[in-house]
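Here the structure is laid out as structure tokens; the discussion comes afterwards.
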Amino acid sequence: MSQARKIVILPGDGIGPEIIAQATKVLLAANDQFNLGLATQSCAFGGSAYDETGNPLPDSTLAACRDADAILAGAIGGPQYDAAPRELRPERGLLRLRAELKLFANLRPALLYPELADASSLKPELVAGLNLMILRELTGGIYFGQPRGIEQRDGERVGFNTMVYNESEIRRIALRAFEISRQRDSRLCSVDKANVLEVSELWREIVEDVAKDYPDVELTHMYVDNAAMQLVRAPKQFDVIVTSNLFGDVLSDAAAMLTGSIGMLPSASLDESGKGLYEPIHGSAPDIAGQGIANPLATILSVSMMLRYTLHEAKAADAIEQAVSAVLATGHRCRDIATGVANEQLVNTQEMGEAVLVALAAGASA
Ligand code: IPM
Ligand code: MG
């Protein structure tokens, strides 16, 4: 057999290790079932890495991630790190990993499972069949722009950041957006704040320019404040949304809630070659960490995205998604997605993971 493909696993903090344990079981089961030839390795990352080594992204972890074919991450952060030096906070480790690996394209699908229509905060008819994709630029914009800081000016402190995009950064994310749109419903909405910000003016101009090569894709533009409103008013009007780092951060949390729970949504962060970091959209949820009740499905679905987008193992990805649908259909619910449906079985993190494994195996023998 050819050399094993390397998957680096970053459990992280809070509920991270709990959900990663379940997702890893599913990944290894798919590895056996579909002969994927994957080898996994776990590395320290986030606050727990900072506690151990003084660095949220230790050199050895970064090296392993560089060398990996794909990365699966849990979640990072927690209130105990609020007092850590800014440069060493868990979030900085994640941002640095995204930047070092040039993971500029962040895919955040918001897909409503029919079984969960009642878990949405919107009326079922507004969200039934919802399937939208937010493509967030991930390595530029105000998250990384210089200058940034907090300094003393005229006798008081001033905090500042810089929202900056160069043409090539806008062009490459726009290209990705049009390609993804083509594989879906060929409707792309670019979200900006071009009525106020110069950086958005340039964004819009470049997106328009890229659009010339995609006459088959319908392009619209929307200001971010209106987009936030439209997402909770009539979310099904969207197919693909492309937007900058900060706007995408905010809109993707709003979109997540439309689907019932942020505990359901996976994400992919891809570089130019298709290598990727896969992680749930949600955070480390310190309030429920250690209780074994977190929903592992977003992380399990991140495994399936990894199989689809980076490893090109569509069959295995389909099988995992079918297994997730099957456990939802049989009424398995973690607390965050419980709605009191007739066949509901309230399960904990581990039971949910086990249920997916059983469904995956059942799919194989069906
Ligand atoms: C996300 C998170 C991160 C971000 C944090 C943890 C740095 O909110 O992935 O959406 O802001 O990008
Ligand atoms: Mg966020």
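The values are calculated or read from the model by the stated rules, or taken from the named source; none is laboratory data. Not measured: the values here are computed from a predicted model. Cβ coordinates were reconstructed from backbone atoms using ideal geometry, including for glycine residues, and neighbour counts include every protein chain displayed. Heads up: the accessible areas ignore ligands, DNA and RNA and are worked out on the full protein's heavy atoms, side chains in. Shrake-Rupley method; radii C 1.70, N 1.55, O 1.52, S 1.80 Å.
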Subject >> Odd one out for I337, checked against (1) touching a residue at least 60 places away in the same chain (Cβ under 8 Å); (2) touching a helix residue (DSSP H, G or I) at 6+ places or on another chain (Cβ under 6 Å); (3) surrounded by fewer than 18 Cβ atoms within 10 Å (Cβ to Cβ) >> reply: (3)
**OP:** Select from the range 252-261 the residues that are more than 10 Å from ligand 2 (Cβ to nearest atom) and in a helix (DSSP H, G or I) and write down the one among them that is most open to solvent (accessible area, probe 1.4 Å).
**Re:** M257
Original post:
For the range 220-246, what are the residues that are open to solvent by 50 Å² or more (accessible area, probe 1.4 Å) and of a type in the set (S, T, N, Q)?
Top reply: T220, N226, Q237
**OP:** Out of the residues in the range 262-277 that are assigned to a strand (DSSP E or B) and within 19 Å of V250 (Cα to Cα), state the one that is nearest to ligand 2 (Cβ to nearest atom).
**Re:** S267
**OP:** Considering (1) of a type in the set (A, V, I, L, M, F, W, C); (2) open to solvent by 10 Å² or more (accessible area, probe 1.4 Å); (3) within 16 Å of ligand 2 (Cβ to nearest atom); (4) not assigned by TED's automatic domain parsing to the domain that holds D318, say which one I76 fails and leave the rest.
**Re:** (4)
**OP:** Working carefully through the options L97, L116, L126, L103, find the one that is in a helix (DSSP H, G or I) and within 13 Å of ligand 1 (Cβ to nearest atom).
**Re:** L97
**OP:** Select from the range 122-144 the residues that are hydrophobic (A, V, I, L, M, F, W, C) and closer than 20 Å to F45 by Cβ and write down the one among them that is surrounded by the most Cβ atoms within 10 Å (Cβ to Cβ).
**Re:** L138
Original post:
When you go through D225, D209 one by one, which is the residue that is within 26 Å of T259 (Cα to Cα), assigned by TED's automatic domain parsing to the domain that holds D249 and part of a helix (DSSP H, G or I)?
Top reply: D225
Original post:
Of all residues in the range 248-279, how many are charged (D, E, K, R), within 13 Å of ligand 1 (Cβ to nearest atom) and in contact (Cβ under 8 Å) with a residue 40 or more places away in the chain?
Top reply: 2
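With respect to G155, is the statement that it is within 24 Å of A298 (Cα to Cα), out of contact with any strand residue (DSSP E or B) (no Cβ under 6 Å at 6 or more places or on another chain) and either in the same structural domain as S273 (by TED's automatic domain parsing) or without any contact (Cβ under 8 Å) to a residue 60 or more places away in the chain (or both) true? Reasoning before the result, please.
Details: within 24 Å of A298 (Cα to Cα): no; out of contact with any strand residue (DSSP E or B) (no Cβ under 6 Å at 6 or more places or on another chain): yes; either in the same structural domain as S273 (by TED's automatic domain parsing) or without any contact (Cβ under 8 Å) to a residue 60 or more places away in the chain (or both): yes.
For G155, the condition - within 24 Å of A298 (Cα to Cα), out of contact with any strand residue (DSSP E or B) (no Cβ under 6 Å at 6 or more places or on another chain) and either in the same structural domain as S273 (by TED's automatic domain parsing) or without any contact (Cβ under 8 Å) to a residue 60 or more places away in the chain (or both) - is not met.
Please verify whether S302 is within 26 Å of L95 (Cβ to Cβ) and not in a helix (DSSP H, G or I), treating the condition exactly as stated. Show your work before the answer.
Numbers: within 26 Å of L95 (Cβ to Cβ): yes; not in a helix (DSSP H, G or I): no.
Here the answer is no, as S302 does not meet what is asked.
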**OP:** Only residues that are touching a Lys or Arg at 6+ places or on another chain (Cβ under 9 Å), modelled with pLDDT of 90 or more and aliphatic (A, V, I, L, M): list them for the range 94-121, please.
**Re:** L101, L103, A105, L107
Subject >> Filtered residue count, the range 278-290, keeping only those that are more than 14 Å from M306 (Cβ to Cβ) and away from ligand 2 (no atom under 11 Å from the Cβ) >> reply: 7
Original post:
With T40, T53 as the choices, which residue is away from ligand 2 (no atom under 16 Å from the Cβ), β-branched (V, I, T) and closer than 10 Å to V8 by Cβ?
Top reply: T40
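Residues to consider are A83, A119, A70, A63; find the one that is in the same structural domain as Q322 (by TED's automatic domain parsing) and open to solvent by less than 40 Å² (accessible area, probe 1.4 Å). So that I can check it myself, show each step before the final result.
Working: A83 fails: open to solvent by less than 40 Å² (accessible area, probe 1.4 Å); A119 fails: in the same structural domain as Q322 (by TED's automatic domain parsing); A63 fails: open to solvent by less than 40 Å² (accessible area, probe 1.4 Å).
Just a single option satisfies the conditions, and that option is A70.
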